[in-house]
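The values are calculated or read from the model by the stated rules, or taken from the named source; none is laboratory data. Owing to the predicted nature of the structure, the values given are computational and were not obtained by experimental measurement. Cβ coordinates were reconstructed from backbone atoms using ideal geometry, including for glycine residues, and neighbour counts include every protein chain displayed. All accessible areas refer to the heavy atoms of the entire protein, side chains included, with ligands and DNA or RNA removed. Shrake-Rupley method; radii C 1.70, N 1.55, O 1.52, S 1.80 Å.
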Amino acid sequence: MRYVHALVLATGLSLAPGILSAQLPVSTGAQVTAGRDTRWQVASGLTGGSLGSFSDAFVITSPVWVIHPSATWVGAAASGSLPGGNGDGVRRFDYVLRTSFTLNAGDALTYRFQCTLDNFWLGLFVNGAAVGGATVCGSDNSSVMGAEFTVGPSSFAAGLNTIEFRWQGDGITDGIVIRSNSAILVPGDPSVVPEPSTYALMATGLVGLMGVVRRRRAAV
């Protein structure tokens with residue numbers, strides 16, 4: 001019967017939903033390396049043009065605003081035509097800050113955060129679809145963190161998911177302040193009843209294996 005037990009165990013493991021491959025999009029702990037926040041990637045470019053390539057978000061270590069100690073002010077590092085600390089006040093730079101992660105079938109993710117930005121909010125996008133509205137990050141060009149915003153499980157799907165914050169800047173301290181309050185992953189329910197075809201496959205395998213066991217006993 002040890003053969004039957006082995007088959008049942010292997011089948012159960014293959015049907016059980018896993019969470020090892022699911023990576024939470026954010027963490028409340030610091031993940032900053034060499035001045036870059038490795039949880040997030042950022043790209044920027046002139047409004048109406050194309051975005052540059054994505055790279056780990058640049059951490060602004062000398063913010064002009066007083067921000068919450070568990071929040072991080074991130075943006076694009078100055079290079080080429082991208083803005084640095086000085087600009088002419090004309091809003092003409094687009095920014096996209098994103099993170100990507102994978103969910104298993106049946107996983108439920110709830111992400112709660114607060115944010116504020118300099119200068120003009122373009123929106124929060126989950127898997128390319130706009131979520132929330134104009135007040136997700138509070139008022140434009142303000143040091144006041146917006147109210148906690150929740151992105152629930154219905155916004156996510158099995159497989160690859162992407163969260164993007166988009167805004168425009170004028171070349172003067174452009175960036176966004178993110179305070180990730182929680183990212184809670186509830187794995188798929190292991191008690192979910194398999195499809196009838198799955199039961200049929202299991203039964204066929206068990207019958208065949210039991211026949212092998214009987215033949216071996218008869219030969220002894």
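Table for the structure above
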| item | result |
| --- | --- |
| Complete set of residues in the range 54-64 that are out of contact with any Asp or Glu (no Cβ under 9 Å at 6 or more places or on another chain) and at pLDDT 80 or above | F54, S55 |
| Residue ranges of strands (runs of 3 or more DSSP E) in the range 79-132 with at least 1 members over 19 Å from L51 (Cβ atoms), modelled with pLDDT of 85 or more and open to solvent by less than 20 Å² (accessible area, probe 1.4 Å) | 93-103, 108-118 |
| Given (1) surrounded by fewer than 19 Cβ atoms within 10 Å (Cβ to Cβ); (2) modelled with pLDDT under 65; (3) out of contact with any Gly (no Cβ under 6 Å at 6 or more places or on another chain), number of the condition P25 does not satisfy | (1) |
| Residue count, the range 32-59 (criterion: more than 18 Å from the chain's Cα centre (by Cα) and open to solvent by less than 40 Å² (accessible area, probe 1.4 Å)) | 5 |
| Yes/no for I67 being hydrophobic (A, V, I, L, M, F, W, C), modelled with pLDDT under 85 and within 18 Å of C137 (Cβ to Cβ) | yes |
